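What follows is a short report on a single structure.
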Amino acid sequence: MQGFNVDTSHFLAGAVLVCSFALLYQARLFALLNVFAVQSMMLALAVGWQAHVQQAGHLYITAALALVMKGMIIPGALRRIVQNMKIHRTIETVVSVNLAMLAGVGLTILSIMVVFPIARMAGGLAREDLAFALTIILIGMLVMITRRNAISQIIGFMSLENGLILAATGAKGMPLVVEVSVASSVLIAFFVFGIFIFRIREHFDSVDVDQLSAKRGDVE
Amino acid sequence: MTSLAFALILIVPVAGMVLLALISSYRIGAWLNVALSATAFAGSCLLFAVPMQTDTFFLVDSFNIYLVALNTLVGFTTSIFSASYIAHELEQETLTRGYLRFYHALYQAMMTAMSFALLSNNLGLMWVGIEVATLSTVVMVGIYRTAQAIEAAWKYFILGSVGIALAFFGTILLYLAAEQVLGEGAAALTWSLLVNDAAKFDPALLSLAFVFLLAGYGTKVGLAPLHAWLPDAHAEGPTPISAVLSGLLLNVALYAVLRIKMIMAGNAGAIPPGPIMMFMGLSSLIFAAIMLYRRRDIKRLFAYSSIEHMGIITFAFGMGGPLANFAGLLHMTMHSLTKSGIFFAVGHIAQAKRTQKLAGITGLAKSHPVLAWSLGIGVIAIAGVPPFGVFTSEFLVVTTTFVRQPILAGLLALGILIAFGALLMRLQQVLFGEPQGPSHKVSASSLPVLLHMGLVLLAGLWLPQILVDWFQQVARLLG
Amino acid sequence: MELIVGLFMQGLQMMLVLLVAPALVGLVRKVHARLLMRRGPSIFQPYRDLLRLTRKEALVAKNASWLFRVAPYLIFSSVWVASALVPTFATGLIFNWLADILAIVALLATARFAMALAGMDVGTSFGGLGSSREMTISSLAEPAMLMIVFTIALVAGTTQLSAIAGFMAHQPVGLRVSLGLALVSLVIVAVAENARIPVDNPATHLELTMIHEAMVLEYSGRHLALIEAAAATKLLLYMSLIICLFFPFGVATAEGALGAQFAGIVIWLVKLSIGALLLAFGETVVAKMRLFRVAEFLGVALVLGLLSMIFLFVLKGL
């Protein structure tokens, strides 16, 4: 049974990782939102499984929050924002998709090599799960770097947070922090980005961050 | 006594924050803000009388006591400055009344969160404190709602959030490393326990944790290449926020890095934190010093100066050893006081001249002598001219580096000289010549600026022995 | 006696593969039509099409070389041999020592090579267009296929298909990430190689969207019949491959009882039908991709294959 538990945790973490790669692949904004929603649902499954294996009741709350907030409400809200503001819906990428995906594979190798020398870890989180979480974080950053649209940068950041939550749930017994991380992600998501997206649209005709940089107060 | 001090520093401001969010009158809000900051300062003075202690969540030792005092002092003087500054902005209608309630509430939230981070023994709670402080400043930076302000706030938000996330991951890794030795639960994140048992942790995990924590908190410190948010946030946010960011938040983030460094130092197998910090510090210094030459906005100029000084401080702490640590601590204090003083002056100057562009600010010596004097003293102080305190600490850093790593000392001195040149050149441009453009009366209290500069001068001329002992004690603690 | 039975079984597999293939294609078309609220042609229509084509005259262009005439036979024989080697209802058949995945990949590559050359042979623009597109796709699909092959081989410890099928069926393999990723990757490669939506539309004759069809535009009569039969057999091959590698339960062994073999045939047919259903459903739901995105799509397959190999190789347990 031990083997099955471990296998399933790895499988679910791997599913979240595959969704990360899928994020790199998307060219359309709505597809990006959908993939993010799927990733959050996979995360909810992974966290729920950890809750079951570790007998940690509070993780169920985290799973439910991931499912509801990040899987349904936030993508829905973002979709409404995109529709209402008529934001241009194809995402221009800085590098081609294939290159980004190869970079993603490179990041996977990097995180595996970095995690490999760790000799042993206490129960709950295996080395492989940590490598997965680290890769998801790095790919989240890659998504943020390779996109020029403010909304896709937010998505990249939230997928980074998904990786963080995955790592945090594996850390058995970490006090409070799982709830804090979820609360902070909700806070960040709604409070700040809501204000900013609306303000950005008010002043600029797009949410293309290249155009945003042109407005820097110190243009050389 | 301890609980009274903690209540004054942490709980009273939180209660006041709720009140501030409800008060709509600006005057009352501003005065309440000042009063709350004064209470916090009083609480931190009380802490000096309290014995050193650690419990599960809080920690009072020689390192953070003086930082809390510094924090609350600068917070107090900034609140005085902010009262008159924002009143003026309201008159000029560059700000609308509606958001100002949140401004004061967020100000208190930020101050409390910083004190909370400084006083906490639990690394997770420290992270929470720094994150709340950062988020409050993000909102406050965007308060002007011009295109540039939005851009600055957006960039700050994105980079700050990534920094927060990376620091959190580092905290998780640290927990994982400590869990094997200290068991699950809060004990594995308690700093005092971690420092004692550091040698037993897995070195690879610890190194990885350090990399992430340095990357995450280093973004908040403004080390190159993670500094991109800093100039914009300083320039586009209201000046009190620039003062607080430069003077306080950078210090608190560096404090977090140093606490982690102390843990790392206990483990021989992990990567040595010193050389990395030295490298980042030195590159920040040189980079910022060169960038100073091309700045056209006065607040950006001083923002890069902040990056430069944080680079020097990080370098000093990276070197380690009693003298370098002493120098670093002294520099932290001096920079905090001087930079916030400069920003006070700059804020009023920008209001008087209605512009922040350097090209539009000239001939201050003729049109606003008091402001000109305060700015002049401030810039001379920050450029490292004796007899101000900044000179003392910079001199100490350079000499101790020269003894141990002569080549780096050369680079260090070069960076400082480059910055010196740029600052003095700009100062001359701003102070002298014929006044151009609008020239308004600014009825502002000069007390905060003069207080800060006075303290810096005092420290340069005669550092009280009690303070020297204190710094030496902490320097020994830092290893 | 055993030799005769063994030969009979192998021969049965070879004939079965050839005979079932058109029915598979017919089933896919039928389900697809039903999903689109049409009645659709009968499942056995492809057989009638093939018979009709063989009775017609094979027109060859005046400037066609010998390659043009030889290619259909070459293609058909390579694909037939390859699909005869993949274990369908039983493992351990008499020629199974030939059934190495790499050999099968090589046979399919030969077929594709011949097809591409034949497309360019007559010198029309459509042929050249089809060949170049086909080669682009396969240049991306081949590495992905090899990654999958390596992954499977690392898991099972051998590249011989019979042994792999046996391993997967009887050893506790468990729910492995690598295998999941390899499955997704193989499905993508299969879709690309068989010219299915979303890579290529098998029912189109528009220039913009043709790949496979463009190459065979010049063929007629018995040549076209051979190529169509080869295409159908290739589809069967890929489905059988996926079944054999990832869902091999119910497969009989060649030494087993006759009843087990018979049950094996039935189970195999059922799995094929499910595969046909899923394929038809997928084709209905998804739209064909722009040609430029096909490269990215196959890049995904490659990346997934790479990932599954990395996970397997480095982590030794995933």
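Since every read-out is calculated from the coordinates, none of them should be taken as a lab result. On a predicted model such as this, the values are computed, not experimentally measured, just so you know. Methodologically, a virtual Cβ is constructed for each residue, glycine included, from the backbone with ideal geometry; neighbour enumeration extends over all protein chains shown.
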Q: Can you pull a Stokes-Einstein diffusion coefficient for the protein assembly as shown at 10 °C (1.306 mPa s), Rh from Kirkwood over Cα pairs, as a whole number of µm²/s?
A: 49
Q: Within region B:441-479, list the chymotrypsin sites (Phe, Trp or Tyr not before Pro) lying in a DSSP loop whose Cβ has at most 14 other Cβ atoms in a 10 Å radius.
A: B:W462
Q. Which GluC sites (Glu not before Pro) from region C:184-267 combine a DSSP loop assignment with at most 14 other Cβ atoms within 10 Å?
A. C:E255
Q. Karplus couplings for region B:197-206 from phi (6.51 cos²θ - 1.76 cosθ + 1.60, θ = phi - 60°), rounded to Hz, Gly and Pro as x?
A. 9, 4, 5, 8, 7, 5, x, 5, 5, 5
(Q) Suppose we take every Cα in region B:219-347 and form the convex hull; what volume per residue is that in Å³? (A) 87
Q) How crowded by other chains is B:150-156, given as the mean number of beta carbons from other chains within 10 Å of each beta carbon? A) 6
Q: Mind putting a number on the dipole of chain B about its Cα centre? Charges go on the C-beta only, +1 for Lys and Arg and -1 for Asp and Glu, and I need it in Debye to the nearest 20.
A: 1120
Q. Taking region C:1-88, which chymotrypsin sites (Phe, Trp or Tyr not before Pro) meet the DSSP loop condition and have no more than 13 other C-beta atoms within 10 Å?
A. C:F44
**Q.** B:H335, C:H170 arranged by Cβ crowding within 10 Å, fewest neighbours leading
**A.** C:H170, B:H335
Q) Which distance in nm do the two modelled labels at A:R79 and B:N196 give, with both placed 7 Å along the Cα-to-Cβ direction? A) 5.5
Q.
Using a 7 Å offset from the Cα along the Cα-to-Cβ direction at both B:L477 and A:A31, what is the distance between the two label points in nm, to one decimal?
A. 5.6
Q) With labels modelled as points extended 7 Å from the Cα through the Cβ direction, what inter-label distance (nm, one decimal) is found for C:L7 paired with C:T284? A) 4.7
(Q) Charges at C-beta only: +1 for Lys and Arg, -1 for Asp and Glu. How large is the resulting dipole of region C:197-318 about its Cα centre, in Debye rounded to 20? (A) 300
Q: Please order B:S120, B:S161, B:S192 by the number of other Cβ within 10 Å, starting at the fewest.
A: B:S192, B:S120, B:S161
(Q) If I take the Cα coordinates of region B:361-479 and project them onto the principal axes, what are the three extents in Å, biggest first? (A) 53, 34, 20
(Q) Looking at chain C as a GNM with Cα springs under 10 Å, which of C:G259, C:G128, C:G250 has the largest mean-square fluctuation? (A) C:G259
**Q.** Check: region B:272-479 dipole with +1 on Lys, Arg Cβ and -1 on Asp, Glu Cβ, in debye
**A.** 660
Q. What is the mean number of Cβ atoms from other protein chains located within 10 Å of the Cβ atom of each residue in peptide B:159-168, rounded to a whole number?
A. 5
Q. Where Rh denotes the Kirkwood radius from the mean inverse Cα pair distance, what is Rg over Rh for region C:109-236?
A. 1.06
**Q.** Over chain B: helical MRE at 222 nm, DSSP H runs n ≥ 4 each giving -39500 (n - 2.57), nearest 500
**A.** -25500 deg cm²/dmol
Q) Which lysines, on any chain, are close to B:K200 with Cα under 29 Å apart, when same-chain ones fewer than 8 places away are left out? A) A:K172, B:K261, C:K316
Q.
Bin width 20 Å, origin at 0, all Cα-Cα pairs of chain C: what percent of pairs per bin?
A. 32, 59, 9
Q. Calculated FRET efficiency, B:W31 and B:T56, Cβ-Cβ r, R0 30 Å, to nearest 0.05?
A. 0.25
(Q) Within 10 Å, at most 10 other Cβ atoms, and a DSSP state outside H, G, I, E, B define an exposed site. Report the longest part of chain C free of exposed trypsin sites (Lys or Arg not before Pro). (A) C:63-315
Q. Quick one: Kirkwood hydrodynamic radius for chain B, alpha-carbon pairs, angstrom, one decimal?
A. 22.2
**Q.** Of C:P22, C:P72, C:P143, the one that fluctuates the most in a GNM where chain C has Cα springs shorter than 10 Å
**A.** C:P143
**Q.** Kirkwood-based shape ratio for region B:289-363, expressed as Rg/Rh from alpha carbons
**A.** 1.10
(Q) Just checking the output field for C:98-110: average partner chain Cβ neighbours within 10 Å of each residue's Cβ? (A) 0
Q | Fewest-first sequence of A:T93, B:T134, B:T96 by Cβ atoms within 10 Å of each Cβ | A | B:T96, A:T93, B:T134
Q: Mind scanning B:K155/B:K220; B:K220/B:K339; A:K70/C:K288; B:K357/B:K441; B:K339/B:K441 and naming the pairs with a C-alpha gap bigger than 22 Å?
A: A:K70/C:K288; B:K339/B:K441
Q | Kirkwood Rh and Cα Rg combined as Rg over Rh, evaluated for region B:272-479 | A | 1.01
Q) What net charge is computed for the residues neighbouring B:L477, neighbours being all others with C-beta under 12 Å from the C-beta of B:L477, Lys and Arg scored +1, Asp and Glu -1? A) +2
Q) Excluding same-chain residues fewer than 8 positions from C:K234, which lysines have a Cα within less than 20 Å of its Cα? A) C:K30, C:K271
Q: Report the convex hull volume per residue for region C:41-156, counting only C-alpha atoms, in Å³.
A: 161
Q. Roughly speaking, what % of Cα-Cα pairs in region B:120-268 are separated by over 27 Å, rounded to a whole number?
A. 26
Q.
Rounded to whole Å, give me the distance from the Cα center of region B:408-441 to that of region B:159-216.
A. 42
